[in-house]
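The values are calculated or read from the model by the stated rules, or taken from the named source; none is laboratory data. Please read all numbers here as calculations on a predicted model, not as lab measurements. Cβ coordinates were reconstructed from backbone atoms using ideal geometry, including for glycine residues, and neighbour counts include every protein chain displayed.
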Amino acid sequence: MIDVIIAGGGPTGVMLAGELRLHGVRVVVLERDAEPTLVVRALGLHARSIEVMDQRGLLDRFLELGKQYPLAGFFAAIPKPQPERLDTSHAYTLGIPQPIVNRLLTEHAIELGAEIRRGTELTGLSQDDDGVTVALADGTELRARYLVGCDGGRSTVRKLLGIGFPGEPSRVETLLGEMEVGVPAETVTAVVAKVRETEKRFGLGSFGGDVYRVVVPAAGVAEDRAVPPTLEDFKQQLRAVAGTDFGVHSPRWLSRFGDATRLADHYRAGRVLLAGDAVHVHPPTGGQGLNLGIQDAFNLGWKLAAEIEGWAPEGLLDSYETERHPVAADVLNNTRAQMEMLSTEPGPQAVRRLVSELMDFEEVNRYLIEKIIAVGVRYDFGEGPDLLGRRLRDVALKGGRLYDLMHDGRGLLLDQTGRLSVAGWADRVDHVVEVSEELDAPAALLRPDGHVAWVGEDQQELESRLARWFGAG
Ligand SMILES: Cc1cc2nc3c(=O)[nH]c(=O)nc-3n(C[C@H](O)[C@H](O)[C@H](O)COP(=O)(O)OP(=O)(O)OC[C@H]3O[C@@H](n4cnc5c(N)ncnc54)[C@H](O)[C@@H]3O)c2cc1C
């Protein structure tokens, strides 16, 4: 029997597949599209996702195909320099188009043994005490112990479960596409700079070649979002907003997106879970959605594997929703605020000026950017030192680097005392007696997702934490 069916082979789905395979879970990914999409939505990875790739030994693949940029101008496109002393050893954003992220994560999942079935659409589901049966568009059925819906903002799985998705519908629609232009690059740069003084949802940018990424408000284009935009729609909107259509031609792909902002009421219903855009949608401001989905998968993977392997302590799987729902709520909050500040109305513009002034304080700038790059996330593990609940940055150890020890997705006791023991949990938790000048604690217990589950030096205390996160010893 299949252990887990994942509906949706976008970045969240294939990330989760890889995480589950690290633990030997039998996983099948169902992807509706027969071929990978060419549409480039996300443009890159932020620090926490870069750390995630590092923790799984994937970073070199991403660095090879990406380009590093400073973390400047990411909050509401307010042009401020990258803050100093960001809490990460990857203080940059990695420009890498979404289709490449998807391909690299898919390759990794397949290498680890995941099965990806393309051209396969989930259309129905039913669950009982032992498993979930899913109906496919071709009329066949498939059964597994668990199902995870990673099937995007219009998630069929979420709808079939009847889980509420409250929030605001899309108010502002934007056209997005890649095409060539018929005017010199200098003309494009000059016109774009002028238009962006008043219209922030506008841009034509090239990545060095002939192809430009075009973003322009969609006002007046067909109301029905299912109708794909045409090149003529782009020309018409460019003329309306910029006074010229730049002679655009030879489109590679054309699409549109809205600014709907919604968060699912629940991330789990029995044996069915949801992750990524299936549980949260928001405008792309700050570039957070794909990152959030990858980090959902990183939180969920080891917990679901623990449940399937039979060692999950009470409540572990439910902690996925408890931990990730507030993180998404915070992202929705910051994108709503950013969208307001992109409005050209006098009130929001006044707020924007004030926030811009505040960002001249280094701490404010750092606080806002650490939100966007998600290194400031702290799960509520109860009372304890500041480190508790946070993920630990990649600290240097005497014998190497911390993240190099985390590729297998196991727990890790980083022990500077040399007196502690994980006997009883050694099949789930590695014990590393190592000293790090950067770690201001005698010992730290890390979950497979790198979050600090315990800090201290007392063996009994450690054992109670081991039991809480890794089950019986
Ligand atoms: C213009 C734009 C720019 C963006 N820029 C950024 C950015 O810079 N940084 C960032 O982090 N995020 C960005 N995002 C958000 C990002 O694109 C999404 O958050 C991300 O794609 C979510 O990944 P996912 O895997 O959860 O969902 P999706 O990428 O939507 O993947 C879902 C998959 O499920 C499949 N599927 C759907 N229904 C079914 C079914 N019934 N059966 C089987 N398969 C199904 C779909 O074909 C699809 O492949 C941007 C979004 C937009 C629109």
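Values as computed for the structure displayed
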item: Within region 364-381, considering residues that are of a type outside the set (A, V, I, L, M, F, W, C) and not in a helix (DSSP H, G or I), the one farthest from residue 93 (Cα to Cα); result: 380
item: Subset of region 185-206 (residues that are closer than 25 Å to residue 42 by Cβ, free of Cβ contacts under 8 Å to residues at least 24 places away in the same chain and not in a helix (DSSP H, G or I)); result: 203, 205, 206
item: Verdict on residue 329 being loosely packed, with under 15 Cβ neighbours inside 10 Å, more than 19 Å from residue 450 (Cα to Cα) and under 19 Å from the mean Cα position of the chain (by Cα); result: yes
item: Candidate set: region 79-112, residues that are in contact with a strand residue (DSSP E or B) (Cβ under 8 Å, 6 or more places away or on another chain) and under 30 Å from residue 271 (Cα atoms); chosen: the one surrounded by the most Cβ atoms within 10 Å (Cβ to Cβ); result: 101
item: Which numbered condition residue 127 fails, given (1) touching a residue at least 12 places away in the same chain (Cβ under 8 Å); (2) under 24 Å from residue 292 (Cα atoms); (3) not hydrophobic (A, V, I, L, M, F, W, C); result: (2)
item: Identity of the residue in region 71-100, of a type in the set (A, V, I, L, M, F, W, C) and farther than 16 Å from residue 363 by Cα, that ends up modelled with the lowest pLDDT; result: 77
item: Within region 299-319, tally of residues that are closer than 11 Å to residue 16 by Cβ and either in contact with a strand residue (DSSP E or B) (Cβ under 8 Å, 6 or more places away or on another chain) or within 13 Å of the ligand (Cβ to nearest atom) (or both); result: 2
item: Residue ID - surrounded by the most Cβ atoms within 10 Å (Cβ to Cβ), chosen from residues in region 35-50 that are more than 10 Å from the ligand (Cβ to nearest atom) and modelled with pLDDT of 95 or more; result: 50
item: Filter result (within 11 Å of the ligand (Cβ to nearest atom) and either over 18 Å from residue 292 (Cβ atoms) or surrounded by fewer than 17 Cβ atoms within 10 Å (Cβ to Cβ) (or both)) within region 158-169; result: 159, 160
item: Failed item, numbered, when residue 277 is tested on (1) modelled with pLDDT under 95; (2) within 14 Å of the ligand (Cβ to nearest atom); (3) not small (Gly, Ala, Ser); result: (1)
item: Residue 244 being among the hydroxyl-bearing types (Ser, Thr, Tyr), surrounded by fewer than 20 Cβ atoms within 10 Å (Cβ to Cβ), away from the ligand (no atom under 14 Å from the Cβ) and under 24 Å from residue 152 (Cβ atoms); result: no
item: Odd one out for residue 257, checked against (1) within 13 Å of the ligand (Cβ to nearest atom); (2) over 30 Å from residue 323 (Cβ atoms); result: (2)
item: Residues of region 422-437 classified as out of contact with any helix residue (DSSP H, G or I) (no Cβ under 9 Å at 6 or more places or on another chain) and touching a residue at least 12 places away in the same chain (Cβ under 8 Å), total; result: 5
item: Residue list for region 207-240, restricted to those being over 25 Å from residue 98 (Cβ atoms) and part of a loop (DSSP other than H, G, I, E, B); result: 219, 220, 223
item: Failed item, numbered, when residue 127 is tested on (1) at pLDDT below 95; (2) surrounded by 15 or more Cβ atoms within 10 Å (Cβ to Cβ); (3) away from the ligand (no atom under 15 Å from the Cβ); result: (1)
item: Residues located in region 1-28, provided they are more than 18 Å from the chain's Cα centre (by Cα) and within 13 Å of residue 110 (Cβ to Cβ); result: 21, 27, 28
item: Flag for residue 272 being among the β-branched types (Val, Ile, Thr), touching a residue at least 40 places away in the same chain (Cβ under 8 Å) and over 30 Å from residue 175 (Cβ atoms); result: yes
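Every residue, every condition in (1) modelled with pLDDT of 90 or more; (2) touching a Gly at 6+ places or on another chain (Cβ under 8 Å), yes or no:
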| position | (1), (2) |
| --- | --- |
| 189 | yes, no |
| 213 | yes, yes |
| 228 | no, no |
| 239 | yes, no |
| 246 | yes, yes |
| 250 | yes, no |
